[in-house]
Structure formats: structure tokens, C-alpha cells
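So the structure is just underneath, and the comments pick up after that.
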Amino acid sequence: MKSSVVSKLTFSTIPVDAGLHAATGMSLEDIVETVRESGLRGRGGGAFSVGRKWEVARGVRSDRKYVICNAAEGEPGSFKDRAILSGYAPLVFEGMTIAALAVGATRGIIYLRAEYAYMLGHLESVLAARRKAGLLGKQVAGNPRFNFDIRIQIGEGAYVCGQETALIEFLEGHRGEPRNRPPYPAVSGYRGAPTVVHNVETWAWVTCVMAKGAKWFHDLGTPKSPGMKLFSVSGDCSRPGVYEFQLGLSVAELLRVVGGEDAQGVQVGGASGRMVPRSQFGRKIAYEDLPYGGAVIILGENRDMLEVAHNYLKFFTSESCGQCTPCREGTRKLLDGVERLRNGRCSSAYLDQLISLGESIQAASKCGLGQSSPQAFLSIVAHYRGKLMGRKLVDDAR
Amino acid sequence: MFFTERQQIERDVEMLVAVYGRERSALISILQDIQRKHRHVSEYAMQVIAHMLDIHPVEVYSVVSFYQFLSDTPAGRYVISLSDCIAHSKAQKDAVARQLETELGIRFGETSADGRFSLKRVGCIGMCDQGPVIRVNGRIYSEVSADRVGALISDCVADTLPGGACDIRESGPGDAGSGESSL
């Protein structure tokens, strides 16, 4: 396996423990304020304000608080967290330590997807080194009142566990079914205690923000989407891999850098994202235009968009946790519809019904995963309808 | 001393409860270790675990049936999973899939009669930039081509790979860790 990192990352320029060092010199309120001022938002896809989450968790009185690193990275097309964990794990653990200090948490948990279990030895050795250096354990960083340690929990294979409340259900020994919110985990999360959950990449950026200051981060990107972001780029391009870009770059610019100018479409945001056709390559990747999770899959001229829709819907039918009907039954019905299209057996009227079903799934599903499950299908139908209809008749001997 | 399979399960669960405790949150860790050792969580194991944690066996079953890596039927000694990631070239992926079926004499979703191999298609495993990708137990092979599939399976047969359904394979730091190889 070769390294996935293609572009130079800010992570490689941050001095060891500069972030934690800066944090220990501040009041706890100022740490939270710095993170809030930076404008950093969750980098896993949820895009919630990081500072706001901390503020809430800090404000709840409880003798037990937790910080959790979400390394589920189940989104098809995403592999940046794998690259971060294998190259920059200390930044991730440092970010968790800073949050623990600020909100008053004593325990950290890393939820590591089972497919990444091969990294366990490496991650444990990084944790051990930090314990030895006094950066984890009792009296962290010389602060007599700050005790904090981190453990790793390997997952058992469930896409939905990337959703923070489902992840907590898993840790508590249950099926990974998302909870109703509120209460949000920052108020009542793991074992009912205030819990701050962030994606791997978010934790690493926390450390960068503390090391280089809120203004540095806020001045990059766009006013509404400050800072940088890692992108997992794959598919039909000459230079796939992990890239760092400032938010606000256009799809066309990204394609130029990675050598994918000939794309007929780009799936932004992985399976739960949307297909962006060539006519919209001028659009910007930022919260205010094309929201993202960081997964960019480039589809070349020779790709059949129907196969893309089929692949994603098949994925969602097998990964739906099954607790709510729109997602559980709806995605199956959409998959059946795509198979009808494939076999040349879908009328225009039926396709319109499928679109309306897709919109219902978006509106009625309980969690973000369910709500986003029809998005790839809907965007493909919207932009490539002419290429999907009138397929050669196939007898489906299923 | 000889133990029956059931006695062995009871001993294992007792030992794990001593390590992880009796709280509900210990359930996942206990199941993970049983799965890894026995390559599945049998109905009897579920009953023993439920008894020890003081929950209903169906609670244990509901968890086992939910997660992809927990199973109530034994998998092959080597579970070979091909990533179905859309980012990979379909032609290359199909060629590898066909070759895997030919070499092993089983179809996807099946386990070989000698219990040695299981063949599965799985969703994206986070190796989108280096396809086609195969996962054999805990080890990941990137940029696999059809002509190298035979060598990969010989590796398994020669037992140079860790056996069992062990999903944990430790590796050194960095992307070039020993748990990963390129074919």
C-alpha cells in the first residue's frame, strides 16, 4: 500500500504539541473562544460549529464527560481519515486532549472502523509515547488537576455508526441505531454524560487552530466556510489521493489539479453526496454552495451513471439500520427502480414517482444518513435523465 | 484436560467477563473476542453471554445480527473480501472477481467445503485511490490484478497469513506498515 497523501498538508508544518502548549497557557473559556472564533466546523460532513459544541458541553455540570474521535470513515469514496491516522495521529490525540481540558472531560475514546484495525498497533504506540511524555494519563502537561486518557474501540462494521448517536449506541453495547435529537451528545451522550464527538480530521484541525491562532484559520477559505479541508480524490483522474485545499475552490479547479478534466460528472460528498454534472463545474466547494464530506469521486466519459446510482443504492439498502421506514423500505424501492431502468422497464411516469419517493425519504428519514441516501440517485436522474431511459430490454430472471 | 466445545465457550466468556466487566457496554468487546477466537458467535455463546451480563439472549442476538463483522455462522478460515467501491475501474474489479471465483471454486457469498475460504463483496473500505482492493482477514492488498490473485491465495494456503477470523493485524507506523501489502 502506498501513501495516499499527494499534496503538502498543513498538518506536516505544525510543531509537536504546540497546540496543547498554547492551550495550557490560556483560561478554559479562552480555549473554547479561540476554537469558536476560528469558525472551524465539523469536517466529517455534519459541519456543526466546533466551538459551539464545546461551549454546550462545557456548560453542563457533570462529574463525567467524554470526548470521542469518530474514525468510522464509512463514507464510500473517503479515505482522508486513514491517511491522517497513519501519518498524523499525534495531532488527533492532541486535539482531543485540548478539548478534554477545555470542557472538563477525563476520558477519550477512538472509534476505529474494523477495516482500519491494521493501524491499531501504530495508534497504540503513539498513545503509549504520549503517556510516557506526560501528555496523557494523570496530571497531563504538568497540570495537577487535569487527568485524561484515551482508549481505542474497534468497530464491527456498520456505516450508520459514523452518525454520532449511533456510534454512542455501539459503544454502549447496542445496535447502532441513531437516537432522537435533542438531547444532543454534548448535553447527554455516552452513558448519559456530556460528550464531544468529532471526526478524525476535525480533531487534527483543532490542534492546528490552537497552534497557529483563530485568525490564521479564519482568514483562509471563504467568509462562510473558513479554513482548509482535506479531500479524498478517486476515480477517473491521473493523480488520485489525499489533497488539502482551501474551501471555496471550484470543482473545475480541483479537477485541474488532480488531472480529471475529462470528467462527465463528479460525485461530491461520497455516496451520501450529489452528482455534479460538467455544466456545473464552476460551482464552489463550500458550505454555502456545494456541501461536502471530503470525498470526491470523478466519473469519466465511459462511465454509466446508472451503474453509479445502482452501486450507491445497493450500499444504502445494505447499510440502512432499519429503524425508520422511509430509509429502510424507500431505498429498496429506489434500487428496484434503478434495476427497472437498467432492464429497460421503467416508464417516465414511474421514474417521476421514484423521484417523488426520493424526496419523501429526504424529508421523512430520522437521521442524516437516511435523509441523504436518495441524493445521489436524485441528482443523477436530474442531470442525466436522457442517458438513463430507453435501455435495451432485459428479461430479469431474478 | 479435554473440554467440550460448550465448556470451552463458558470458560472463554467467564474469562472475558472478568476482563471487561458485566456492564452492557462490555458486550461489544466480549462479542469481538468470541468472534475472533471461534470465527462466529454461536447461539449457545449468545445464551452464555446473556446469562453472564444479565440480559435477554435476544438482546445479544439483536447486536450480533446488526454488525457486519459479527456472525452466528462460522466463516471460512480466510475471509476474502473484494471492495465494491465505485471509484475502482469496473473492468479490473470484474476481472479480479472472476479470477477469485475460478481459483477458489466458489461464488461470492459462499464458503468452501473445507471451511478454508469465504468470498465476499463488501462496500468501500477506504482504499478508493488504490483499487482494486482485496481484504484477507485483517490484511489489505491494494492495486490487485487478476494475474496476481493466484499468488495471493497461495500465500493463504502456505499459511503466511494469520489464520482465523482475526480482524486485528498490527502493523508498524505509516502507510507502509507490515499489515498492508501491495500485489
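Here the label points at A:Ser279 and B:Ser62, each 7 Å from Cα along the C-beta direction, are separated by 4.9 nm in the simple model. Between the alpha-carbon centers of the range A:205-269 and the range B:1-72, tell me the distance in whole angstrom. Using only Cα atoms, the two centres lie 44 Å from each other. For A:Lys392, no lysines have a Cα falling under 19 Å of its own Cα, not counting residues fewer than eight places away in the same chain.
Taking every DSSP beta bridge that has both residues in chain A, what percent is antiparallel when rounded to the nearest 5? Display every interim value, and only then the final one.
Numbers: 18 of 41 bridges.
Expressed as a percentage, antiparallel bridges in chain A total about 45.
Normalised by the number of residues in the range B:1-138, the mean separation of alpha-carbon contacts (under 8 Å, six or more apart) gives a relative contact order of 22 percent. Summing +1 for each Lys or Arg and -1 for each Asp or Glu among the other residues whose beta-carbon sits under 13 angstrom from that of A:Lys229 gives +1.
Here the Karplus relation 6.51 cos²θ - 1.76 cosθ + 1.60, evaluated at θ = phi - 60°, turns the backbone of the range B:107-124 into coupling constants of 9, 4, x, 10, 10, 5, 4, 7, x, 8, 10, 10, 10, 9, 9, 10, x, 3 Hz, with x for every Gly and Pro. Each of A:Tyr111, B:Ile80, A:Trp203 was scored by the projection of its Cα onto the charge dipole of the protein assembly as shown, and the greatest displacement toward the positive side belongs to A:Trp203; charges sit on the C-beta of Lys, Arg, Asp and Glu.
For the range B:3-47, the set of chymotrypsin sites (Phe, Trp or Tyr not before Pro) satisfying both a DSSP loop assignment and a count of at most 14 other C-beta atoms within 10 Å is given as B:Phe3. Note on chain A: GNM, Cα springs under 10 Å; of A:Gly87, A:Gly248, A:Gly189, the largest mean-square fluctuation is that of A:Gly87.
How large is log10 I(q)/I(0) at q = 0.07, 0.10, 0.11, 0.15 Å⁻¹ when the Debye formula is applied to the Cα atoms of the range A:10-218, each weighted equally and without solvent? Normalising to I(0) and taking log10 leaves -0.17, -0.37, -0.45, -0.88. In the range A:305-388, Cα pairs under 8 Å separated by at least six residues give a relative contact order of 37 percent. Listed by chain and number, the aspartates and glutamates placed with their C-alpha closer than 12 angstrom to that of A:Lys224 are A:Glu288, A:Asp289; residues fewer than eight positions away on the same chain are left out.
When the helices in chain A are scored as -39500 (n - 2.57) per DSSP H run of 4 or longer and the sum is shared across all residues, what 222 nm value do you end up with, to the nearest 500 deg cm²/dmol?
Numbers: 14 runs with 168 residues, N = 398.
Taking each H run of at least 4 residues, the total per residue is -13000 deg cm²/dmol.
Residues within the reach of a label modelled at A:Ser7 (point 7 angstrom out along Cα to beta-carbon, backbone nitrogen below 19 Å), restricted to the range A:202-220, are A:202-206, A:208-209, A:216-220. With only Cα atoms counted, chain B has Rg and Dmax values of 18.0, 54 Å. Computed over chain A with a Gaussian network model linking Cα atoms closer than 10 Å, the most mobile of A:Ala263, A:Ala105, A:Ala71 is A:Ala263. With bins 5 Å wide beginning at 0, the percent of Cα pairs of the range A:183-336 falling in each bin runs 2, 8, 14, 16, 16, 16, 14, 9, 5, 1, 0. Given their separation in residues at 0.36 nm each and the Cα-Cα distance between them, A:Ser318 and A:Asp352 gain 9.8 nm when the chain is fully extended. Structure remark: mean-square fluctuation, Gaussian network model of chain A, C-alpha springs under 10 Å; the largest value among A:Ser78, A:Ser373, A:Ser347 belongs to A:Ser347.
On average, how many beta carbons from a partner chain sit within 10 Å of the beta carbon of a residue in A:71-78?
On the way: counts 0, 0, 3, 4, 3, 10, 7, 3.
Counting Cβ atoms of other protein chains within 10 Å of each residue's Cβ and averaging gives 4.
The range A:228-299 has equivalent-ellipsoid semi-axes of 15, 13, 12 Å, by the square roots of 5 times the alpha carbon gyration tensor eigenvalues, sorted largest first.
Taking a straight line from the alpha carbon of A:Lys132, these lysines sit under 25 Å away, with near neighbours fewer than eight places off in the same chain left out: A:Lys65.
Express as a percent, rounded to the nearest 5, the fraction of DSSP beta bridges in the range B:1-147 (both residues included) that run antiparallel. Roughly 55 percent of the beta bridges in the range B:1-147 run antiparallel, per DSSP.
Put a plus charge on the Cβ of each Lys and Arg, a minus charge on the Cβ of each Asp and Glu, and nothing anywhere else: the dipole of the protein assembly as shown about its Cα centre is then about 840 debye.
Greater than 24 Å separation of Cα atoms is the criterion. Which listed pairs, A:Lys138/A:Lys215; A:Lys8/A:Lys215; A:Lys229/A:Lys284, meet it? In this structure, A:Lys138/A:Lys215 exceed 24 Å between Cα atoms.
When you filter the trypsin sites (Lys or Arg not before Pro) in the range A:15-88 for DSSP loop state and at most 14 other Cβ atoms inside 10 Å of their Cβ, you are left with A:Arg61, A:Arg64.
Anything over 29 Å Cα to Cα? Flag those among A:Lys53/A:Lys212; A:Lys80/B:Lys90; A:Lys366/B:Lys93; A:Lys80/A:Lys333, in the order listed.
Details: A:Lys53/A:Lys212 21 Å; A:Lys80/B:Lys90 23 Å; A:Lys366/B:Lys93 35 Å; A:Lys80/A:Lys333 32 Å.
Correct reply: A:Lys366/B:Lys93; A:Lys80/A:Lys333.
Just to verify a number: FRET efficiency for A:Arg391 and B:Ser145, C-beta to C-beta distance, R0 = 35 Å, to 0.05?
Numbers: r = 31 Å, r/R0 = 0.87.
According to the calculation, E is roughly 0.70.
Between A:Ile68 and A:Ile109, A:Val196, A:Val197, A:His198, the built amide H atoms are under 5 Å apart, and every one of these is 5 or more places off in sequence or on another chain. Couplings for the range A:127-138, taken from phi via the Karplus curve 6.51 cos²θ - 1.76 cosθ + 1.60 with θ = phi - 60°, read 4, 4, 5, 5, 4, 5, 7, x, 9, 9, x, 8 Hz in order; Gly and Pro are left as x. When the alpha-carbon atoms of the protein assembly as shown are used, the pair Rg, Dmax equals 23.6, 74 angstrom.
Taking R0 as 56 Å, what FRET efficiency do you get between A:Asp63 and B:Gln92 from their Cβ-Cβ distance, rounded to the nearest 0.05?
Values: r = 55 Å, r/R0 = 0.98.
According to the calculation, E is roughly 0.55.
All of the numbers you see were taken from the coordinates with simple rules; none came from a lab. These numbers come from a predicted model, not from an experiment. Cβ sites come from the backbone with ideal geometry, for glycine too, and all protein chains shown count toward neighbours.
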